[in-house]
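Following: one structure in C-alpha coordinates, then a few remarks.
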Amino acid sequence: MKHQISRRLALRLGLAATAVGAAALAGLPLLSRRDMLAQARNQPPQPLPVPEQLLGTLKDGVRHYALNIRPGSHQFVSGITTDTFGVNADYLGPVLRLRRGETVRIAVHNGLKEATTLHWHGMHLPAKMDGGPHQEIAPGETWTPQFEVRQPAATLWYHAHPHKRTGAHVWRGLAGPIIIDDDASSALPLPRDHGIDDIPLVLQDRLFGNDGQLLYIQSMHDVMMGMEGNIPLCNGRFMPMFEARRQRLRLRILDGANASFYAIGFSDGRAFDVIASDGGLLPAPVRRTHVLITPGERVEIVVKVGNKPFTLVSGAGLRNMPLHTFLRIVPAPVLESSPALPGKLVELPPPDAASAARTRRFDLQMGMGPGMMMGGMMGRRSPFAINGKAMDMNLINEVIPVGSTEIWEIRNTSPMPHPFHVHDVQFRVLSRNGRPVPAHEAGRKDTVLVDGHEIVRILARFDDYPDPKHPYMYHCHILEHEDAGMMGQFTVV
Ligand code: C2O
Ligand code: CU
Ligand code: CU
(Lines give C-alpha, C1' and ligand atoms only; values in the text may rest on other atoms or scores of the structure.)
(Ligands and ions follow the chains in the order given, each with its own letter.)
Protein backbone atom coordinates (compact mmCIF):
# COMPACT_ATOMS: atom_id res chain seq x y z
CA MET A 1 0.00 0.00 0.00
CA LYS A 2 1.18 3.50 -0.83
CA HIS A 3 2.06 5.91 1.90
CA GLN A 4 -0.27 8.85 1.20
CA ILE A 5 -0.16 10.81 4.41
CA SER A 6 2.27 13.63 4.99
CA ARG A 7 4.87 13.25 7.69
CA ARG A 8 3.25 16.09 9.58
CA LEU A 9 -0.04 14.19 9.61
CA ALA A 10 1.65 10.92 10.45
CA LEU A 11 3.08 12.60 13.53
CA ARG A 12 -0.46 13.51 14.57
CA LEU A 13 -1.84 10.01 14.20
CA GLY A 14 -3.46 8.80 17.37
CA LEU A 15 -1.95 7.04 20.32
CA ALA A 16 1.18 9.08 20.35
CA ALA A 17 4.23 8.05 22.21
CA THR A 18 4.49 11.72 23.15
CA ALA A 19 1.53 11.48 25.51
CA VAL A 20 3.35 8.87 27.50
CA GLY A 21 6.57 10.84 27.29
CA ALA A 22 4.97 14.01 28.61
CA ALA A 23 3.24 12.27 31.48
CA ALA A 24 6.42 10.38 32.34
CA LEU A 25 8.29 13.68 32.42
CA ALA A 26 5.73 14.95 34.88
CA GLY A 27 6.70 11.94 37.02
CA LEU A 28 3.34 10.19 36.79
CA PRO A 29 3.01 6.46 37.27
CA LEU A 30 1.15 5.31 34.16
CA LEU A 31 -0.76 2.29 33.11
CA SER A 32 0.96 1.21 29.90
CA ARG A 33 -0.53 -0.46 26.89
CA ARG A 34 1.46 -3.52 27.89
CA ASP A 35 -0.19 -3.55 31.35
CA MET A 36 -3.57 -3.23 29.67
CA LEU A 37 -2.81 -6.10 27.30
CA ALA A 38 -1.66 -8.27 30.15
CA GLN A 39 -4.83 -7.43 32.05
CA ALA A 40 -6.94 -8.17 28.94
CA ARG A 41 -5.23 -11.55 28.43
CA ASN A 42 -6.18 -12.60 31.95
CA GLN A 43 -9.85 -12.10 31.09
CA PRO A 44 -12.26 -13.84 28.74
CA PRO A 45 -12.48 -11.94 25.40
CA GLN A 46 -14.78 -8.97 25.81
CA PRO A 47 -17.58 -8.40 23.32
CA LEU A 48 -17.90 -5.01 21.65
CA PRO A 49 -20.37 -2.88 23.60
CA VAL A 50 -23.05 -1.78 21.14
CA PRO A 51 -24.82 1.30 22.47
CA GLU A 52 -28.57 0.85 22.85
CA GLN A 53 -30.84 2.86 20.58
CA LEU A 54 -33.12 5.52 21.98
CA LEU A 55 -36.18 5.60 19.74
CA GLY A 56 -38.18 8.12 21.78
CA THR A 57 -41.95 8.18 22.28
CA LEU A 58 -44.39 10.08 20.11
CA LYS A 59 -46.74 12.42 22.00
CA ASP A 60 -48.93 14.95 20.17
CA GLY A 61 -46.75 14.85 17.07
CA VAL A 62 -43.50 15.43 18.97
CA ARG A 63 -41.00 12.67 19.64
CA HIS A 64 -39.71 12.78 23.23
CA TYR A 65 -36.34 11.56 24.42
CA ALA A 66 -34.67 11.62 27.84
CA LEU A 67 -30.93 11.82 28.41
CA ASN A 68 -29.42 11.69 31.86
CA ILE A 69 -25.86 12.93 32.27
CA ARG A 70 -24.34 11.29 35.31
CA PRO A 71 -21.17 10.10 36.99
CA GLY A 72 -20.33 6.45 36.49
CA SER A 73 -17.73 3.84 37.11
CA HIS A 74 -16.61 1.82 34.14
CA GLN A 75 -14.26 -0.99 33.16
CA PHE A 76 -12.40 -0.11 29.95
CA VAL A 77 -10.68 -3.43 30.48
CA SER A 78 -12.12 -6.09 32.79
CA GLY A 79 -10.78 -5.89 36.31
CA ILE A 80 -9.78 -2.21 36.29
CA THR A 81 -12.48 0.18 37.46
CA THR A 82 -12.33 3.85 36.45
CA ASP A 83 -14.39 6.87 37.51
CA THR A 84 -16.19 8.25 34.48
CA PHE A 85 -19.11 10.33 33.22
CA GLY A 86 -21.80 8.98 30.91
CA VAL A 87 -25.19 9.62 29.36
CA ASN A 88 -27.82 7.05 30.49
CA ALA A 89 -24.76 4.86 31.02
CA ASP A 90 -21.47 4.76 32.91
CA TYR A 91 -19.40 5.88 29.92
CA LEU A 92 -20.55 7.38 26.57
CA GLY A 93 -24.27 7.18 25.78
CA PRO A 94 -27.04 5.61 23.71
CA VAL A 95 -27.67 6.16 20.01
CA LEU A 96 -30.15 8.99 19.64
CA ARG A 97 -32.18 7.78 16.66
CA LEU A 98 -34.00 10.59 14.81
CA ARG A 99 -36.09 10.68 11.65
CA ARG A 100 -36.04 13.47 9.08
CA GLY A 101 -39.22 15.56 9.17
CA GLU A 102 -40.04 14.78 12.80
CA THR A 103 -40.06 17.32 15.61
CA VAL A 104 -38.07 16.08 18.56
CA ARG A 105 -37.86 17.16 22.18
CA ILE A 106 -34.96 15.99 24.30
CA ALA A 107 -34.98 16.32 28.09
CA VAL A 108 -31.33 16.53 29.11
CA HIS A 109 -30.86 16.14 32.85
CA ASN A 110 -27.55 17.08 34.44
CA GLY A 111 -26.87 14.66 37.28
CA LEU A 112 -23.29 15.87 37.76
CA LYS A 113 -22.07 18.10 40.57
CA GLU A 114 -20.91 20.65 37.99
CA ALA A 115 -22.49 22.50 35.07
CA THR A 116 -22.20 21.09 31.58
CA THR A 117 -23.98 21.23 28.20
CA LEU A 118 -24.93 18.77 25.48
CA HIS A 119 -24.29 19.81 21.88
CA TRP A 120 -25.79 18.11 18.79
CA HIS A 121 -22.73 18.04 16.55
CA GLY A 122 -23.76 18.18 12.88
CA MET A 123 -27.41 19.17 13.45
CA HIS A 124 -29.00 22.02 11.59
CA LEU A 125 -31.16 23.68 14.26
CA PRO A 126 -31.94 26.97 16.03
CA ALA A 127 -28.90 28.34 17.87
CA LYS A 128 -30.57 28.27 21.26
CA MET A 129 -31.22 24.52 20.86
CA ASP A 130 -27.59 23.88 19.85
CA GLY A 131 -26.23 22.95 23.28
CA GLY A 132 -23.10 25.04 22.94
CA PRO A 133 -21.42 26.94 25.78
CA HIS A 134 -24.39 29.34 26.10
CA GLN A 135 -26.87 26.57 26.95
CA GLU A 136 -25.32 25.58 30.25
CA ILE A 137 -27.26 23.10 32.39
CA ALA A 138 -26.75 23.67 36.12
CA PRO A 139 -26.30 20.60 38.37
CA GLY A 140 -29.68 18.97 38.99
CA GLU A 141 -31.37 20.95 36.22
CA THR A 142 -33.03 19.72 33.03
CA TRP A 143 -32.68 21.47 29.66
CA THR A 144 -35.29 20.61 27.05
CA PRO A 145 -34.47 21.70 23.50
CA GLN A 146 -37.02 21.08 20.74
CA PHE A 147 -36.37 21.22 17.01
CA GLU A 148 -37.37 19.77 13.67
CA VAL A 149 -35.03 17.36 11.91
CA ARG A 150 -34.44 19.11 8.59
CA GLN A 151 -31.53 17.23 7.08
CA PRO A 152 -30.76 13.95 5.32
CA ALA A 153 -29.88 10.63 6.91
CA ALA A 154 -26.47 10.81 8.58
CA THR A 155 -24.34 9.73 11.50
CA LEU A 156 -23.87 12.69 13.84
CA TRP A 157 -22.97 12.79 17.50
CA TYR A 158 -23.63 14.61 20.74
CA HIS A 159 -21.06 15.70 23.27
CA ALA A 160 -20.56 18.04 26.20
CA HIS A 161 -19.54 21.60 25.20
CA PRO A 162 -19.18 23.69 28.39
CA HIS A 163 -17.07 26.83 28.15
CA LYS A 164 -13.39 25.91 28.60
CA ARG A 165 -14.26 22.43 29.89
CA THR A 166 -15.32 20.59 26.73
CA GLY A 167 -12.08 18.62 26.65
CA ALA A 168 -12.32 17.53 30.28
CA HIS A 169 -15.97 16.45 30.01
CA VAL A 170 -15.60 14.55 26.73
CA TRP A 171 -12.42 12.86 28.07
CA ARG A 172 -14.52 11.62 30.99
CA GLY A 173 -17.13 10.15 28.66
CA LEU A 174 -19.81 12.69 27.72
CA ALA A 175 -20.46 11.76 24.09
CA GLY A 176 -22.64 9.45 22.03
CA PRO A 177 -23.86 8.80 18.47
CA ILE A 178 -26.87 10.33 16.72
CA ILE A 179 -28.32 8.52 13.70
CA ILE A 180 -30.77 10.28 11.39
CA ASP A 181 -32.91 8.17 9.06
CA ASP A 182 -34.81 9.29 5.98
CA ASP A 183 -36.79 7.76 3.11
CA ALA A 184 -33.94 7.96 0.58
CA SER A 185 -31.53 6.04 2.81
CA SER A 186 -34.21 3.54 3.93
CA ALA A 187 -34.91 2.70 0.28
CA LEU A 188 -31.30 1.65 -0.37
CA PRO A 189 -30.14 -1.94 0.12
CA LEU A 190 -27.60 -0.99 2.82
CA PRO A 191 -26.90 -2.92 6.03
CA ARG A 192 -29.28 -1.44 8.62
CA ASP A 193 -29.75 -3.90 11.48
CA HIS A 194 -28.42 -2.13 14.54
CA GLY A 195 -25.82 -4.19 16.34
CA ILE A 196 -25.91 -6.94 13.71
CA ASP A 197 -24.63 -5.47 10.45
CA ASP A 198 -24.90 -1.75 11.21
CA ILE A 199 -22.70 -0.67 14.09
CA PRO A 200 -21.73 2.71 15.49
CA LEU A 201 -18.08 2.78 16.59
CA VAL A 202 -16.79 5.57 18.80
CA LEU A 203 -13.00 5.54 18.49
CA GLN A 204 -11.01 7.23 21.24
CA ASP A 205 -7.84 6.93 23.24
CA ARG A 206 -7.20 7.62 26.88
CA LEU A 207 -4.33 7.93 29.32
CA PHE A 208 -4.58 6.07 32.62
CA GLY A 209 -2.67 6.35 35.83
CA ASN A 210 -1.62 3.05 37.38
CA ASP A 211 -4.47 3.48 39.87
CA GLY A 212 -6.73 2.93 36.82
CA GLN A 213 -8.03 6.50 36.83
CA LEU A 214 -8.08 8.77 33.79
CA LEU A 215 -5.34 11.38 33.59
CA TYR A 216 -6.13 14.72 31.97
CA ILE A 217 -3.90 17.70 31.03
CA GLN A 218 -0.69 17.27 32.98
CA SER A 219 1.37 19.94 31.28
CA MET A 220 1.35 22.71 28.71
CA HIS A 221 2.42 20.04 26.22
CA ASP A 222 -1.03 18.42 26.51
CA VAL A 223 -2.68 21.73 25.66
CA MET A 224 -0.35 22.52 22.75
CA MET A 225 -0.58 19.03 21.19
CA GLY A 226 -4.08 18.25 22.41
CA MET A 227 -4.75 15.51 24.93
CA GLU A 228 -3.72 12.13 23.60
CA GLY A 229 -3.82 8.77 25.30
CA ASN A 230 -1.89 5.56 24.77
CA ILE A 231 -4.78 3.11 25.16
CA PRO A 232 -7.07 2.71 22.10
CA LEU A 233 -10.77 2.39 22.88
CA CYS A 234 -13.70 1.28 20.77
CA ASN A 235 -17.10 2.11 22.29
CA GLY A 236 -15.35 2.51 25.62
CA ARG A 237 -13.56 -0.86 25.52
CA PHE A 238 -9.93 -1.83 25.03
CA MET A 239 -9.62 -4.16 21.99
CA PRO A 240 -13.11 -5.69 22.10
CA MET A 241 -14.33 -8.43 19.79
CA PHE A 242 -17.31 -8.48 17.46
CA GLU A 243 -18.81 -11.62 16.00
CA ALA A 244 -19.96 -10.90 12.43
CA ARG A 245 -23.00 -12.84 11.29
CA ARG A 246 -23.55 -11.25 7.86
CA GLN A 247 -21.38 -10.98 4.75
CA ARG A 248 -21.21 -7.20 4.90
CA LEU A 249 -20.81 -4.85 7.84
CA ARG A 250 -21.64 -1.16 7.89
CA LEU A 251 -19.46 0.63 10.42
CA ARG A 252 -20.43 4.17 11.42
CA ILE A 253 -17.07 5.38 12.63
CA LEU A 254 -16.62 8.49 14.75
CA ASP A 255 -13.28 9.99 15.70
CA GLY A 256 -14.41 10.78 19.23
CA ALA A 257 -10.87 11.45 20.46
CA ASN A 258 -9.96 14.77 22.05
CA ALA A 259 -7.01 15.26 19.71
CA SER A 260 -5.90 12.10 17.90
CA PHE A 261 -6.09 11.51 14.19
CA TYR A 262 -6.74 7.95 13.04
CA ALA A 263 -5.79 6.43 9.68
CA ILE A 264 -8.53 3.83 9.67
CA GLY A 265 -8.06 0.58 7.81
CA PHE A 266 -7.90 -3.17 8.31
CA SER A 267 -5.00 -5.27 9.53
CA ASP A 268 -4.88 -7.33 6.34
CA GLY A 269 -4.98 -4.27 4.10
CA ARG A 270 -8.37 -5.21 2.61
CA ALA A 271 -10.27 -2.50 0.76
CA PHE A 272 -13.64 -1.19 1.92
CA ASP A 273 -16.25 1.25 0.62
CA VAL A 274 -16.81 4.67 2.16
CA ILE A 275 -20.54 5.38 1.79
CA ALA A 276 -21.03 8.48 3.94
CA SER A 277 -19.18 11.48 5.29
CA ASP A 278 -20.12 13.71 8.26
CA GLY A 279 -23.45 14.93 6.89
CA GLY A 280 -24.78 11.90 5.04
CA LEU A 281 -24.46 9.51 2.14
CA LEU A 282 -22.07 10.12 -0.75
CA PRO A 283 -23.34 10.00 -4.36
CA ALA A 284 -21.56 6.66 -4.77
CA PRO A 285 -19.39 4.35 -2.66
CA VAL A 286 -15.68 5.26 -2.67
CA ARG A 287 -13.23 2.37 -2.53
CA ARG A 288 -10.31 2.87 -0.15
CA THR A 289 -7.76 0.89 1.82
CA HIS A 290 -7.51 3.56 4.50
CA VAL A 291 -9.14 6.82 5.38
CA LEU A 292 -7.88 9.52 7.71
CA ILE A 293 -10.34 10.83 10.29
CA THR A 294 -9.71 13.65 12.72
CA PRO A 295 -11.55 14.66 15.91
CA GLY A 296 -15.26 15.19 15.27
CA GLU A 297 -15.29 13.61 11.81
CA ARG A 298 -17.36 10.57 10.85
CA VAL A 299 -17.21 8.09 8.00
CA GLU A 300 -19.56 5.25 7.27
CA ILE A 301 -17.89 2.31 5.62
CA VAL A 302 -19.09 -1.06 4.33
CA VAL A 303 -16.65 -3.95 4.54
CA LYS A 304 -16.92 -7.54 3.32
CA VAL A 305 -16.34 -9.96 6.17
CA GLY A 306 -14.97 -13.13 4.52
CA ASN A 307 -14.03 -16.21 6.52
CA LYS A 308 -10.97 -15.09 8.50
CA PRO A 309 -10.78 -12.90 11.60
CA PHE A 310 -9.49 -9.38 10.94
CA THR A 311 -9.07 -6.19 12.89
CA LEU A 312 -10.01 -2.54 12.52
CA VAL A 313 -6.82 -0.62 13.08
CA SER A 314 -5.20 2.77 12.81
CA GLY A 315 -1.99 3.10 10.85
CA ALA A 316 -2.13 -0.08 8.74
CA GLY A 317 0.24 -0.01 5.78
CA LEU A 318 1.62 3.40 6.67
CA ARG A 319 5.37 3.46 6.86
CA ASN A 320 6.89 4.07 10.29
CA MET A 321 3.47 3.97 11.88
CA PRO A 322 2.72 1.81 14.85
CA LEU A 323 -0.33 -0.34 14.32
CA HIS A 324 -3.14 0.13 16.82
CA THR A 325 -6.04 -2.23 17.17
CA PHE A 326 -9.50 -0.84 17.84
CA LEU A 327 -11.71 -3.85 17.14
CA ARG A 328 -11.28 -7.55 16.42
CA ILE A 329 -13.87 -8.91 14.00
CA VAL A 330 -14.49 -12.64 14.03
CA PRO A 331 -16.77 -14.17 11.38
CA ALA A 332 -19.44 -16.63 12.49
CA PRO A 333 -18.92 -20.15 11.03
CA VAL A 334 -21.75 -19.51 8.57
CA LEU A 335 -22.44 -15.98 7.31
CA GLU A 336 -25.91 -14.81 6.31
CA SER A 337 -25.95 -13.13 2.92
CA SER A 338 -26.06 -9.35 2.47
CA PRO A 339 -27.32 -7.53 -0.63
CA ALA A 340 -24.60 -6.18 -2.93
CA LEU A 341 -23.65 -2.57 -2.37
CA PRO A 342 -25.52 -0.30 -4.82
CA GLY A 343 -23.35 1.56 -7.32
CA LYS A 344 -25.23 4.80 -6.72
CA LEU A 345 -26.41 6.11 -3.35
CA VAL A 346 -28.01 9.59 -3.30
CA GLU A 347 -28.26 12.66 -5.51
CA LEU A 348 -25.67 15.21 -4.45
CA PRO A 349 -25.10 17.98 -6.98
CA PRO A 350 -21.57 19.42 -7.02
CA PRO A 351 -21.16 22.59 -4.94
CA ASP A 352 -21.92 25.79 -6.84
CA ALA A 353 -19.20 28.20 -5.70
CA ALA A 354 -20.61 30.90 -8.01
CA SER A 355 -23.69 31.11 -5.76
CA ALA A 356 -21.60 32.51 -2.87
CA ALA A 357 -22.48 36.06 -1.84
CA ARG A 358 -19.09 36.61 -0.28
CA THR A 359 -15.87 35.05 1.01
CA ARG A 360 -15.01 35.21 4.67
CA ARG A 361 -11.51 34.50 5.88
CA PHE A 362 -10.55 32.64 9.03
CA ASP A 363 -6.91 32.58 10.11
CA LEU A 364 -6.16 29.80 12.59
CA GLN A 365 -3.42 31.03 14.87
CA MET A 366 -1.26 29.28 17.37
CA GLY A 367 1.44 31.25 19.13
CA MET A 368 4.50 29.11 19.53
CA GLY A 369 6.83 31.37 21.51
CA PRO A 370 7.53 30.62 25.18
CA GLY A 371 6.08 34.02 26.13
CA MET A 372 2.79 33.18 24.44
CA MET A 373 2.75 29.79 26.07
CA MET A 374 3.37 31.21 29.52
CA GLY A 375 0.80 33.92 28.89
CA GLY A 376 -1.69 31.20 27.97
CA MET A 377 -0.86 29.27 31.11
CA MET A 378 -1.29 32.34 33.28
CA GLY A 379 -4.61 33.14 31.60
CA ARG A 380 -3.31 36.48 30.35
CA ARG A 381 -3.33 35.81 26.68
CA SER A 382 -4.25 32.62 24.91
CA PRO A 383 -1.78 31.24 22.38
CA PHE A 384 -4.82 30.02 20.42
CA ALA A 385 -6.89 32.38 18.32
CA ILE A 386 -8.86 32.81 15.11
CA ASN A 387 -8.41 36.09 13.23
CA GLY A 388 -6.42 37.46 16.14
CA LYS A 389 -9.10 36.84 18.75
CA ALA A 390 -9.43 34.11 21.33
CA MET A 391 -12.98 32.89 22.07
CA ASP A 392 -14.96 35.52 23.97
CA MET A 393 -18.47 34.55 25.09
CA ASN A 394 -19.54 38.19 24.78
CA LEU A 395 -18.26 38.78 21.27
CA ILE A 396 -20.14 37.87 18.08
CA ASN A 397 -17.32 37.55 15.56
CA GLU A 398 -19.40 37.13 12.41
CA VAL A 399 -22.96 38.07 11.41
CA ILE A 400 -24.42 36.16 8.47
CA PRO A 401 -27.60 37.08 6.58
CA VAL A 402 -30.10 34.21 6.63
CA GLY A 403 -30.48 32.41 3.32
CA SER A 404 -27.03 33.35 2.09
CA THR A 405 -24.36 31.11 0.68
CA GLU A 406 -20.77 31.89 1.59
CA ILE A 407 -17.28 30.69 0.93
CA TRP A 408 -15.23 30.38 4.07
CA GLU A 409 -11.51 30.39 3.49
CA ILE A 410 -9.73 28.76 6.39
CA ARG A 411 -6.02 29.50 6.54
CA ASN A 412 -3.88 27.60 8.93
CA THR A 413 -1.06 29.96 9.87
CA SER A 414 0.51 27.36 12.17
CA PRO A 415 2.55 24.25 11.31
CA MET A 416 0.18 22.05 13.29
CA PRO A 417 -2.92 20.57 11.62
CA HIS A 418 -6.34 21.68 12.99
CA PRO A 419 -9.70 20.05 12.25
CA PHE A 420 -12.09 22.99 11.68
CA HIS A 421 -15.75 22.55 12.66
CA VAL A 422 -18.77 24.77 11.98
CA HIS A 423 -22.02 24.42 13.93
CA ASP A 424 -25.47 24.52 12.28
CA VAL A 425 -24.43 23.72 8.71
CA GLN A 426 -23.24 20.89 6.53
CA PHE A 427 -20.79 22.43 4.10
CA ARG A 428 -18.93 21.24 1.01
CA VAL A 429 -15.16 21.36 0.72
CA LEU A 430 -14.24 23.29 -2.45
CA SER A 431 -10.49 22.95 -2.34
CA ARG A 432 -7.41 22.27 -0.28
CA ASN A 433 -4.48 24.48 -1.30
CA GLY A 434 -6.35 25.14 -4.55
CA ARG A 435 -6.77 21.48 -5.41
CA PRO A 436 -10.00 19.45 -5.29
CA VAL A 437 -10.40 17.02 -2.38
CA PRO A 438 -10.73 13.24 -2.73
CA ALA A 439 -14.24 11.84 -3.34
CA HIS A 440 -14.79 10.70 0.25
CA GLU A 441 -14.27 14.31 1.43
CA ALA A 442 -16.40 15.88 -1.30
CA GLY A 443 -19.77 15.13 0.31
CA ARG A 444 -21.59 16.86 3.16
CA LYS A 445 -19.17 17.82 5.93
CA ASP A 446 -19.22 19.73 9.22
CA THR A 447 -15.57 19.20 10.15
CA VAL A 448 -12.60 19.46 7.83
CA LEU A 449 -8.91 18.95 8.40
CA VAL A 450 -6.74 21.97 7.68
CA ASP A 451 -3.14 20.76 7.62
CA GLY A 452 -0.23 22.95 8.69
CA HIS A 453 0.01 26.11 6.57
CA GLU A 454 -2.83 24.88 4.38
CA ILE A 455 -5.73 26.87 2.94
CA VAL A 456 -9.07 25.10 2.77
CA ARG A 457 -12.11 26.66 1.09
CA ILE A 458 -15.59 25.52 2.02
CA LEU A 459 -19.05 26.45 0.76
CA ALA A 460 -21.92 26.75 3.23
CA ARG A 461 -25.53 27.86 3.02
CA PHE A 462 -27.00 29.46 6.14
CA ASP A 463 -30.71 28.68 5.90
CA ASP A 464 -33.43 29.06 8.54
CA TYR A 465 -33.57 30.19 12.16
CA PRO A 466 -32.48 33.86 12.10
CA ASP A 467 -31.68 34.96 15.65
CA PRO A 468 -29.49 37.97 16.42
CA LYS A 469 -29.11 37.01 20.08
CA HIS A 470 -27.96 33.41 20.13
CA PRO A 471 -24.70 32.51 18.37
CA TYR A 472 -23.36 29.31 16.87
CA MET A 473 -19.68 28.32 17.19
CA TYR A 474 -16.88 27.54 14.79
CA HIS A 475 -13.67 26.09 16.16
CA CYS A 476 -10.79 23.68 16.03
CA HIS A 477 -12.09 20.27 17.15
CA ILE A 478 -8.89 19.41 19.01
CA LEU A 479 -10.76 20.01 22.23
CA GLU A 480 -7.82 21.45 24.15
CA HIS A 481 -7.33 24.02 21.37
CA GLU A 482 -11.02 24.86 21.42
CA ASP A 483 -10.99 25.27 25.21
CA ALA A 484 -7.84 27.40 24.98
CA GLY A 485 -9.53 29.85 22.61
CA MET A 486 -9.35 28.62 19.01
CA MET A 487 -13.08 29.23 18.62
CA GLY A 488 -15.37 32.03 17.46
CA GLN A 489 -19.09 32.80 17.31
CA PHE A 490 -21.48 33.69 14.51
CA THR A 491 -25.12 34.63 14.34
CA VAL A 492 -27.53 34.11 11.46
CA VAL A 493 -29.85 37.10 11.13
CU1 C2O B 1 -18.37 18.87 18.15
CU2 C2O B 1 -18.58 22.83 18.80
O3 C2O B 1 -18.51 20.81 18.51
CU1 CU C 1 -20.74 21.03 16.58
CU1 CU D 1 -6.28 22.92 16.72
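In whole Hz, with x marking every Gly and Pro, tabulate ³J(HN,Hα) for region 289-294 from phi via Karplus 6.51 cos²θ - 1.76 cosθ + 1.60, θ = phi - 60°.
9, 7, 9, 8, 10, 10
If each residue of separation counts as 0.36 nm, what is the full-extension length gain between residue 409 and residue 184 once their alpha-carbon separation is subtracted?
Once the chain is fully extended between residue 409 and residue 184, it gains 77.8 nm.
Just to be sure I understand the model, the point goes 7 Å from the Cα along the line to the Cβ. What's the resulting residue 463 to residue 268 distance in nm?
Here the answer is 4.4 nm between the modelled labels.
At 1.4 Å probe size, what's the solvent-accessible area of residue 181? Round to the nearest 10 Å².
30 Å²
How large is the helix-only mean residue ellipticity at 222 nm for the chain, computed as the sum of -39500 (n - 2.57) over DSSP H runs with n ≥ 4, divided by its residue count, in deg cm²/dmol to the nearest 500?
Helix-only estimate at 222 nm: -2500 deg cm²/dmol.
Computed FRET efficiency, Cβ-Cβ of residue 210 and residue 163, R0 22 Å: what is it to the nearest 0.05?
E(calc), rounded to 0.05, equals 0.10.
What would the Debye formula give as log10 I(q)/I(0) at q = 0.19, 0.23 Å⁻¹ for the alpha-carbon point model of region 140-242, no solvent?
-1.11, -1.29
Can you send over the solvent-accessible area of residue 241, 1.4 Å probe, protein chains only, in Å² to the nearest 10?
60 Å²
Could you quote the convex hull projected area for region 51-98, Cα atoms only and averaged over all directions, in nm²? Please list the in-between numbers first.
Values: hull surface 14.3 nm².
Answer in nm², one decimal: 3.6.
Could you derive backbone 3J(HN,Hα) for region 175-191 from the dihedral phi with the Karplus parameters 6.51, -1.76 and 1.60 (θ = phi - 60°), listing whole Hz in sequence and x where the residue is Gly or Pro?
In residue order, the calculated couplings are 6, x, x, 10, 10, 9, 10, 8, 5, 4, 6, 5, 7, 8, x, 9, x Hz.
In region 353-492, what % of DSSP beta bridges are antiparallel (nearest 5)?
Of all bridge pairs located within region 353-492, approximately 75 percent are antiparallel.
With every protein chain kept in place and ligands, DNA and RNA left out, what is the accessible area per residue of region 53-184? Probe 1.4 Å, answer in Å². Provide the component values of the computation, followed by the final result.
Numbers: 4430 Å² over 132 residues.
Per-residue accessible area for region 53-184 comes out at 34 Å².
Using R₀ = 25 Å, calculate the FRET efficiency as 1/(1 + (r/R₀)^6) where r is the Cβ-Cβ separation of residue 78 and residue 304; round to 0.05.
So, using R0 = 25 Å, E works out to roughly 0.20.
Give the long-range amide H neighbours of residue 215: residues separated by 5 or more places, or on another chain, with amide H under 5 Å away, using H modelled in the peptide plane at 1.01 Å from N.
207, 208, 209
Any idea how far the Cα center of region 392-430 sits from the one of region 68-85, in Å?
Using only Cα atoms to place each centre, the spacing works out to 35 Å.
Just to check I understand the Karplus step: with θ = phi - 60° and J = 6.51 cos²θ - 1.76 cosθ + 1.60, what whole-Hz values come out for region 221-226, glycine and proline as x?
4, 5, 6, 5, 8, x
Based on DSSP, what percent of beta bridges with both residues in the chain are antiparallel, to the nearest 5?
70 percent
Filter the trypsin sites (Lys or Arg not before Pro) in region 45-126 to those in DSSP coil with at most 10 other Cβ atoms within 10 Å of their Cβ, and list the result.
113
Going by amide H atoms built from the backbone, whose H comes under 5 Å of the H on residue 404, apart from near neighbours?
462
Hey, can you grab everything whose amide H is under 5 Å from the amide H of residue 467? Only 5+ residues off in sequence or another chain; H modelled, so Pro and N-termini drop out.
Long-range HN contacts for residue 467: 492, 493.
What whole number of Å gives the distance from the Cα centroid of region 99-125 to the Cα centroid of region 325-340?
A separation of 34 Å, based on Cα centres.
For region 353-492, give the percent of accessible area contributed by carbon and sulfur heavy atoms, probe 1.4 Å, rounded to a whole number.
So the carbon and sulfur contribution to the accessible surface is 54 percent.
Based on the alpha-carbon gyration tensor of region 53-184 and its eigenvalue square roots a ≥ b ≥ c, which shape applies: rounded if a/c is under 1.5, prolate if not and a/b is larger than b/c, or oblate?
Judged from the Cα gyration tensor, region 53-184 comes out prolate (a/c at least 1.5, a/b above b/c).
Using 13 Å as the cut-off for backbone N distance, which residues of region 243-282 belong to the label zone defined by a point 7 Å from the Cα of residue 337 along Cα→Cβ?
247-248
Could you state the per residue volume, in Å³, of the convex hull enclosing the Cα atoms of the chain?
Hull volume over Cα atoms, normalised by residue count, gives 141 Å³.
Could you state the number of Å between the C-alpha centres of region 143-187 and region 236-314?
19 Å
I'd like the FRET efficiency for residue 396 and residue 347, computed as 1/(1 + (r/R0)^6) with the beta carbon distance as r and R0 of 30 Å, rounded to 0.05. Could you put the intermediate results ahead of the total?
Details: r = 35 Å, r/R0 = 1.18.
E(calc), rounded to 0.05, equals 0.25.
Would you kindly find the accessible area of residue 359, with a 1.4 Å probe and non-protein molecules such as ligands, DNA and RNA excluded, rounding to the nearest 10 Å²?
70 Å²
Can you tell me the length gained on complete extension of the stretch residue 387 to residue 453, counting 0.36 nm per residue apart and subtracting the Cα distance?
Gain on extension, residue 387 to residue 453, equals 22.3 nm.
Measure off, as a whole percent, the carbon and sulfur share of the 1.4 Å-probe accessible area of region 118-239, all protein chains present.
The value for region 118-239 is 49 percent carbon and sulfur by accessible area.
Can you pull the one-decimal nm distance between simple spin-label points at residue 32 and residue 141, each 7 Å off the Cα toward Cβ?
Using points 7 Å along Cα→Cβ, the separation is 4.7 nm.
Would you mind getting the Kirkwood hydrodynamic radius of region 353-492 from its Cα pairs, rounded to one decimal in Å?
It works out to 15.4 Å.
The values are calculated or read from the model by the stated rules, or taken from the named source; none is laboratory data. Treat the numbers as computed from the prediction; the structure is a model and nothing was measured. Please note: Cβ atoms are built from the backbone with ideal geometry, for glycine as well, and neighbour counts cover all protein chains shown. Quick note on the areas: whole protein, heavy atoms, side chains included, nothing else; ligands and nucleic acids left out. Shrake-Rupley method; radii C 1.70, N 1.55, O 1.52, S 1.80 Å.
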